[in-house]
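Enquirer: Below is the structure I would like to discuss, written out as structure tokens.
Every read-out reported here was derived from the displayed coordinates using simple, explicitly stated rules and does not represent laboratory data. Remember, it's a predicted structure, so these values are computed and weren't measured experimentally. No Cβ is skipped: glycine too gets one built from the backbone with ideal geometry, and neighbour counts run over all protein chains shown.
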2 protein chains.
Amino acid sequence: MKENNNKNSVELCVLCGEPEAVILANGDYPTHPRPLQILANAPYIVCCDGGADAYIDRGNVPDVIIGDGDSLSEENRRKYSHILHCVSDQETNDQTKAVNFLLSQGKRNIAIVGATGKREDHTLGNISLLIDYMHTGAHVRMLTDYGIFIPCHDTCSFPSQPGQQISIINFGAHNLRGEGLVYPLSDFTNWWQGTLNESTGTEFTIYAEGEYLVVINY
Amino acid sequence: MKENNNKNSVELCVLCGEPEAVILANGDYPTHPRPLQILANAPYIVCCDGGADAYIDRGNVPDVIIGDGDSLSEENRRKYSHILHCVSDQETNDQTKAVNFLLSQGKRNIAIVGATGKREDHTLGNISLLIDYMHTGAHVRMLTDYGIFIPCHDTCSFPSQPGQQISIINFGAHNLRGEGLVYPLSDFTNWWQGTLNESTGTEFTIYAEGEYLVVINY
């Protein structure tokens, strides 16, 4: 992992858009200061099912616990029944239930932490869902222990540090072209093709028509 | 993680095709008995760059260390220079360099371990490369701490245990249909849509035209 210690919190704010709510998903509990900071500063916290156990174990109380209750401890299910919002929908996962719940409360600026690091197929699912959340008009960012995932469409610019590690995962966008990146972009058809790029300056731009994910590693 | 303790090693053999070589990539070192077993029984071991440090630290010596040497310790680079195969190609990552090296040695049945668990964009890249390796005629499986990733094309059947957690990630296949799975398949356009399926019996079949990845969780 490459760490840019001079990347300041103002920039993190720009990338995350000052979330109105943070979702703590049911993957590995964050260990990196950036997702932990987002979690500590969150004005409203939704924990996904068993993710609540880890959060409560650390001396916190979430605003809402969401899911189907199947991975939450019996003790916490009883103790926190007043904030437990059970949604039994086999078609969506707990992360999506949490996003939908927040949207129903009018909260559109959302950060997701703790969504990766366990089963890789869950990680893949959680990451790809960011594209679907974008369709709803939500402004959702995922912060992992390694970087920020940002769902995008069409042309977008991002603040960066020279040498910052960038990956672009294409979700069907065309006419991809980069500015401020070491390696040229093209209409990638396989995920790996847009990985391992690097910013050359304090901003980079992706020109595109269509949808893609940007990964900005810390 | 769902663990089926009755899933025997014969079945693992069927899924992995008795690898001629194992690649230890540069992600998190495996902790689950299945990738560790594959590593312990490997007739030939290629470590990707810094992955060699972790392997050597545990008292082992790989057959070959491959990569551009940028994440290998100075000490091991000196001590194991006779087995260090440096490939400086910016267009591929170390995992792919290792696969290409093995193919050049005539070794086509390959298992990859330790390829996930650090930066998620690396994980995505390493997983998606399995599809490219399939194009070369290589028989490559990835074993993580949670399951086995198998690149497939067209119709395929797999041994399983009832209740085993299955995900299918579509890479452009059409006419997807499943047999022996709880949820129906369709021509998924986003990764998450094929996740969180489940086997109903001791075998399942995916009918398809085109390419996809199957994830069989332990």
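Enquirer: Can you show me the helix-derived [θ] at 222 nm for chain A, built from DSSP H runs with n ≥ 4 at -39,500 (n - 2.57) apiece and divided by the number of residues, rounded to the nearest 500.
Expert: About -7500 deg cm²/dmol.
Enquirer: Which net charge results when you count Lys and Arg as +1 and Asp and Glu as -1 among the other residues whose beta-carbon is under 12 Å from that of B:His174?
Expert: Local charge sum for B:His174: -3.
Enquirer: Assume the label is 7 Å from Cα along Cα to beta carbon: what separations in nm does A:Glu203 have to the matching positions in the other copies?
Expert: 6.1
Enquirer: Sticking with this one: So if we plug the beta-carbon distance of A:Ser73 and A:Asp154 into 1/(1 + (r/R0)^6) with R0 = 56 Å, what FRET efficiency do we get, rounded to 0.05?
Expert: In this case the efficiency is close to 0.80.
Enquirer: Separation between the A:Leu36 and A:Ser104 pseudo-spin-labels, each 7 Å from Cα along Cα→Cβ, expressed in nm?
Expert: Those two pseudo-labels are separated by 3.4 nm.
Enquirer: Using the crude model of +1 on Lys and Arg Cβ and -1 on Asp and Glu Cβ, and no other charge, please compute the dipole size for the protein assembly as shown relative to its Cα centre, in debye to 20.
Expert: 580 debye
Enquirer: Students often check this: by mean Cβ neighbours within 10 Å, which of A:84-90, A:26-32 ranks highest, and how do the rest follow?
Expert: In descending order of packing, they fall as A:26-32, A:84-90.
Enquirer: List the distances, in nm to one decimal, from the label point of B:Gly137 to the label points of the same position in every other copy, shortest first, placing each label point 7 Å from Cα along the Cα-to-Cβ direction.
Expert: So the label point of B:Gly137 gives 5.6 nm to the other copies.
Enquirer: Next question. Near B:Tyr44, within a Cβ-to-Cβ distance under 10 Å, what is the net charge of the other residues, with Lys and Arg +1 and Asp and Glu -1?
Expert: Taking every other residue near B:Tyr44 into account, the sum is -1.
Enquirer: Right, something else. Which loop GluC sites (Glu not before Pro) in region A:31-117, with loop taken from DSSP, have no more than 11 other Cβ atoms within 10 angstrom of their Cβ?
Expert: The qualifying sites are A:Glu91.
Enquirer: What net charge do the residues around A:His82 carry, taking every other residue with its C-beta under 15 Å from that of A:His82, with Lys and Arg at +1 and Asp and Glu at -1?
Expert: So the environment of A:His82 carries a net charge of +1.
Enquirer: With only Lys, Arg, Asp and Glu charged, each at its Cβ (+1 for the first two, -1 for the last two), find how big the charge dipole of chain A is about the Cα centre; round to the nearest 20 debye.
Expert: 420 debye
Enquirer: Follow-up. Label-to-label distances across copies for A:Pro33, with labels 7 Å out along Cα→Cβ, in nm, shortest first?
Expert: Its label point is 4.1 nm from the equivalent points in the other copies.
Enquirer: Same structure, new question: Whole angstrom only: what separates the Cα centroid of region B:173-197 from the Cα centroid of region A:163-218?
Expert: 29 Å
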